[in-house]
Amino acid sequence: MTDDNVLKNGVVKFFSLNGGYGFIVDDENGADIFVHLNNLKECGLNELNKDNKVSFVQKKKGARFYATDIKLL
């Protein structure tokens, strides 16, 4: 079981600047973690590129996990 507010590493699966969202693949378990443009901008980033290596904090809203505190590695 995955906990909320856990520091993780992963690789950007894709990010659509037009759509304002994307997904990071968790290195630990291969799960897709949602990332929204607003969360990205809060971290001082404007976009992510496919295959970027990142660290992030995984948080939970309802039944879904999303990424915050995203940093390029």
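The values are calculated or read from the model by the stated rules, or taken from the named source; none is laboratory data. Just so you know, these numbers come straight off a predicted model, no measurement behind them. Please note: Cβ atoms are built from the backbone with ideal geometry, for glycine as well, and neighbour counts cover all protein chains shown.
A compact table of results
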{"item": "Residue list for segment 52-73, restricted to those being polar (S, T, N, Q), assigned to a strand (DSSP E or B) and touching a Phe, Trp or Tyr at 6+ places or on another chain (Cβ under 9 Å)", "result": "Gln58, Thr68"}
{"item": "Looking only at segment 1-12, and only at residues there that are touching an Asp or Glu at 6+ places or on another chain (Cβ under 9 Å) and of a type in the set (S, T, N, Q), the one that is farthest from Asp69 (Cα to Cα)", "result": "Thr2"}
{"item": "Count of segment 43-68 residues which are within 18 Å of Val6 (Cα to Cα) and either free of Cβ contacts under 8 Å to residues at least 40 places away in the same chain or of a type in the set (A, V, I, L, M, F, W, C) (or both)", "result": "12"}
{"item": "Sole exception among (1) surrounded by 14 or more Cβ atoms within 10 Å (Cβ to Cβ); (2) at positive phi; (3) modelled with pLDDT under 95 for Asp69, by number", "result": "(3)"}
{"item": "Selection count where residues are small (Gly, Ala, Ser) and either part of a strand (DSSP E or B) or within 11 Å of Ile70 (Cα to Cα) (or both), scope segment 13-51", "result": "3"}
{"item": "Some residue of segment 11-20 being crowded, with 18+ Cβ neighbours inside 10 Å and touching a helix residue (DSSP H, G or I) at 6+ places or on another chain (Cβ under 7 Å)", "result": "no"}
{"item": "Residues of segment 15-42 that turn out to be within 18 Å of Asn5 (Cα to Cα), out of contact with any Lys or Arg (no Cβ under 7 Å at 6 or more places or on another chain) and among the hydrophobic types (A, V, I, L, M, F, W, C), as a count", "result": "4"}
